[in-house]
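Below is one structure, written out as structure tokens; the observations come after it.
The values are calculated or read from the model by the stated rules, or taken from the named source; none is laboratory data. None of these values were measured; they are calculated from a predicted model. Please note: Cβ atoms are built from the backbone with ideal geometry, for glycine as well, and neighbour counts cover all protein chains shown. In case anyone asks, the SASA skips ligands and DNA or RNA and just uses the protein heavy atoms, side chains included. Shrake-Rupley method; radii C 1.70, N 1.55, O 1.52, S 1.80 Å.
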Amino acid sequence: VQLQASGGGLVQAGGSLRLSCTTSRIIFNRNVMRWYRQTPGKQRELVAAITPGGTTNYADSVEGRFFISKDNAKNAVYLQMSSLNPEDTAVYYCAAGLYGYPPAYWGQGTLVTVSS
């Protein structure tokens, strides 16, 4: 597994969680790091992304509530999730790919469950 995601769990609505993803230095430095999420019966959704230069973008559904960041020294990317609601319940995946291309690398997924 070239990307290792962690940090999922059970949280009450309105709460917060932070997801972490670590990878190799080569993958981290060359690729856009992304967080996706997927629920049963739905397509995988891009939640947030951060470029090697630090430019970020977010899905409309999480804008203002989620924050993606990275630690260059640790080859790690984080997703700070706040004001969680039950619609945020999903398996969250860390992914990496070149800018303008689909991800070439995927993590194993981490489950986030938000209870009402």
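With respect to residue 55, is the statement that it is exposed (fewer than 13 other Cβ atoms within 10 Å of the Cβ) and of a type in the set (Val, Ile, Thr) true?
Criteria met by residue 55.
Tell me whether the range 51-60 contains one or more residues that are part of a strand (DSSP E or B) and touching a residue at least 24 places away in the same chain (Cβ under 8 Å).
No, there is no match, as no residue in the range 51-60 is part of a strand (DSSP E or B) and touching a residue at least 24 places away in the same chain (Cβ under 8 Å).
Can you tell me which residue within the range 66-80, out of those that are assigned to a strand (DSSP E or B) and among the small types (Gly, Ala, Ser), is most open to solvent (accessible area, probe 1.4 Å)? Step through it out loud before you land on a result.
Initial filter on the range 66-80 (assigned to a strand (DSSP E or B)): 66-71, 76-80.
Adding the requirement that they be among the small types (Gly, Ala, Ser) leaves 69, 76.
Numbers: 69: 36, 76: 2 Å².
Taking the candidates together, the pick is 69.
For residues that are open to solvent by 10 Å² or more (accessible area, probe 1.4 Å) and in a strand (DSSP E or B), tally how many sit in the range 81-113.
So the count comes out to 7.
Condition first: of a type outside the set (Phe, Trp, Tyr) and without any contact (Cβ under 8 Å) to a residue 40 or more places away in the chain. Now tell me which residues in the range 61-87 satisfy that. Give the steps one after another, and end with the answer.
From the range 61-87, those of a type outside the set (Phe, Trp, Tyr) are 61-65, 68-77, 79-87; that's our starting set.
Residues satisfying the conditions are 61, 62, 63, 64, 65, 68, 69, 71, 73, 87.
List the number of the failed condition for residue 48; all other conditions in (1) surrounded by 22 or more Cβ atoms within 10 Å (Cβ to Cβ); (2) closer than 18 Å to residue 8 by Cβ; (3) in contact (Cβ under 8 Å) with a residue 40 or more places away in the chain hold.
(3)
Of everything in the range 3-44 that's over 15 Å from residue 81 (Cα atoms) and part of a strand (DSSP E or B), which residue is farthest from the chain's Cα centre (by Cα)?
Only one residue tops the list, namely 23.
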